[in-house]
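Notes to accompany the following structure.
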Amino acid sequence: MNQQTLFDSSADALRPLASRLRPRTLDEFVGQEHLLGPGKILRQLIEQDQIGSMIFWGPPGVGKTSLARIIAGRTKAAFIDFSAVTSGIKEIREVMNRAEENRRFGEKTIVFVDEIHRFNKAQQDAFLPFVERGSITLIGATTENPSFEVNAALLSRCKVFVLHGLTEDNLVTLLRRALTDPRGFGGQRVEMGDELLHAVARFAGGDARAALSTLEMAVLNGDRQPDGSVAVTPEDLEQCTSRRSLLYDKNGEEHYNLISALHKSMRNSDPDAAVYWLARMLESGEDPLYIARRLVRFASEDVGLADSRALGLCVDVYQACHFIGMPECSVHLTQAVVYLSLAPRSNALYVAYERAKKDALTQLSDPVPLTLRNAPTRLMRELHYGEGYQYAHDAEDKLTDMQCLPDSLAGKKYYIPTEQGQEARFKARHEQIEAWKRARRSGAKGDQE
């Protein structure tokens, strides 16, 4: 049992503002109305103490841990707070043994695992039999997509609740409470206009912890008045919000969300949005060579022969990024992103390959036509390898009507050029070649008749 000391009250005052103001009840909880509003499912489960295994998934600072603590305060079950950062298999087994003992005496156990995505497969598997037997009710919290980070077997036994970033109004409500609540700055008079509270909320980007930490810094650095009050000025706040730490995980879902946003903005011919998403990635610490490689792919997948210079430009930009790195290479990547956004569009190459791939995977047993095979040995020549091959350079038009596809795919069309940009010239040439081949084959058929 913890004993109180004379230093407890001062120690509590030293805790961060976000920790002191953690909501104690559902009525104090701000945000997540889609889950906790009147009559909503999660609110009913908490109020009725009918908690099942669940996972809270959402960005930092939206209330995942606070919800778990509120559940701990309302439930009749034993509640064990567990950290995936500091715990291993040994600690998991100890907790599970305690839960099993509780179950034998008819007591439920809720185990809250913060940052459950940090557990490896073996650690997650250690929970599975106890969840299945009902020895524990598992509540996990994660900022990562549980579809990728939580074992399928464990995930199938949990209800996933998606928590959203808090709105600007949600955050302003929290900030106003912090200025009046005795656990916050209610014991002193703080002069801070609504426009500054909204500025803090916008800066926090949906993160309550970031908003309260910024407010705390602004108040502590505000102008002390003779009467003991604190006035927070725009200049004070500007010093606390000079640079925001961007939410980003180069191995997580946000990584793929941002590169997807960049691709789709370029594909939609929106250079402004594309440059913004590029900046988001670079300023968050993304490897510029990764972005450059994706641009090389985009140049052929989405621009293709509509502007064949796009590929060369992107390869040059990759080399430039390799030579000089960040931050200087940001301008080269911007050049490529804007060029690709404004270039004519054609995905004909991508579509052609996907069509051919589908047939290739279903026609793996089709032999290469004899006319297309090399015949470097006598045996191969006796087996008619290369027989009937027509060397295009020997023909007057540099064309032949030789069939190059297997018989089962004869006449199949994969590449269908568009009329976008330079590809219009390729289309005209393609049609000219097709017409020539049709004429030759018709003539040969007529001669045979």
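Quick rundown of the values:
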quantity: Descending principal axes extents, the chain, alpha-carbon based, whole Å; calculated: 108, 62, 42
quantity: Probe 1.4 Å, all protein chains present, accessible-area order of Arg189, Arg20, Arg267, largest first; calculated: Arg189, Arg267, Arg20
quantity: Total charge dipole magnitude, the stretch 308-421, about the Cα centre, Cβ charges on Lys, Arg, Asp, Glu only, Debye to nearest 20; calculated: 280 debye
quantity: Equivalent ellipsoid dimensions for the stretch 262-351 as semi-axes, Å, which come from the Cα gyration tensor, largest first; calculated: 21, 14, 10
quantity: Relative contact order (%) - criterion: Cα under 8 Å, at least six apart; region: the stretch 145-227; calculated: 29 percent
quantity: Relative contact order %, the chain, counting alpha carbon pairs below 8 Å whose residues are six or more apart; calculated: 11 percent
quantity: nm² value of the averaged projected area, convex hull over the Cα atoms of the stretch 34-156; calculated: 7.3 nm²
quantity: For the chain, share of DSSP beta bridges that run antiparallel, in % to the nearest 5; calculated: 10 percent
quantity: Using θ = phi - 60° and Karplus 6.51 cos²θ - 1.76 cosθ + 1.60, couplings along the stretch 407-420 (whole Hz; Gly, Pro as x); calculated: 4, 5, 10, 4, x, 5, 10, 10, 8, 10, x, 9, 10, 7
quantity: Longest segment of the chain lacking chymotrypsin sites (Phe, Trp or Tyr not before Pro) that sit in a DSSP loop with at most 10 other Cβ atoms within 10 Å; calculated: 106-390
quantity: Accessible area of Arg43 in the full protein assembly, 1.4 Å probe (Å², nearest 10); calculated: 40 Å²
quantity: Charge-dipole axis of the chain as Lys and Arg at +1 and Asp and Glu at -1 on Cβ define it, positive-most pick from Leu295, Val113, Thr137; calculated: Thr137
quantity: Relative contact order computed over the stretch 124-274 (Cα-Cα under 8 Å; 6+ residues apart), in percent; calculated: 17 percent
quantity: Rg followed by Dmax, in Å, when the stretch 72-215 is reduced to its Cα trace; calculated: 19.6, 57
quantity: Accessible area of Leu364 in the full protein assembly, 1.4 Å probe (Å², nearest 10); calculated: 140 Å²
quantity: Dipole of the stretch 294-449 [Lys/Arg +1, Asp/Glu -1 at C-beta], most positive-end residue of Val351, Ala306, Ser341; calculated: Val351
quantity: Rounded to the nearest 10 Å², the accessible area of His198 at probe 1.4 Å; calculated: 50 Å²
quantity: Cα gyration tensor, the stretch 278-325 - rounded (a/c under 1.5), prolate or oblate; calculated: oblate
quantity: By accessible area with a 1.4 Å probe, ligands and nucleic acids excluded, highest first: order of His34, His263, His322; calculated: His322, His34, His263
quantity: Convex hull volume of the stretch 301-414 per residue (C-alpha atoms, cubic angstrom); calculated: 193 Å³
quantity: 5 angstrom amide H check on Phe79, placed H, neighbours 5+ away; calculated: Ile110
quantity: Interchain or long-range residues, amide H under 5 Å from Gly140's placed H; calculated: Met54, Ile55, Phe56, Val113
quantity: Interatomic Cα distance distribution for the stretch 167-235, bins of 10 angstrom, percent; calculated: 23, 57, 19, 1
quantity: Computed helical MRE - 222 nm, the chain, DSSP H runs ≥ 4 contributing -39500 (n - 2.57), nearest 500; calculated: -15500 deg cm²/dmol
quantity: Whole-percent pair-distance distribution, where bins are 10 Å wide, for the alpha carbons of the stretch 28-97; calculated: 16, 47, 29, 8, 0
quantity: Anisotropy class of the stretch 151-286 from Cα gyration tensor, a/c 1.5 cut; calculated: oblate
quantity: Karplus-derived HN-Hα couplings along the stretch 342-359 (A = 6.51, B = -1.76, C = 1.60, θ = phi - 60°), whole Hz, x at Gly and Pro; calculated: 9, 5, x, 9, 7, 9, 4, 5, 4, 5, 4, 5, 4, 5, 5, 4, 4, 6
quantity: No Cys partner within the rule (Cβ under 4.7 Å), the chain; calculated: Cys158, Cys240, Cys314, Cys404
quantity: Fluctuation leader among Pro226, Pro16, Pro234 - the chain, Gaussian network, Cα springs under 10 angstrom; calculated: Pro226
quantity: Accessible area (Å², per residue) of the stretch 300-449, counting only protein heavy atoms and a probe of 1.4 Å; calculated: 67 Å²
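The values are calculated or read from the model by the stated rules, or taken from the named source; none is laboratory data. Just so you know, these numbers come straight off a predicted model, no measurement behind them. Positions of Cβ are generated from backbone atoms using ideal geometry, with glycine treated the same way; all protein chains shown enter the neighbour counts. Heavy atoms of the whole protein, side chains included, go into the accessibility calculation; ligands, DNA and RNA do not. Shrake-Rupley method; radii C 1.70, N 1.55, O 1.52, S 1.80 Å.
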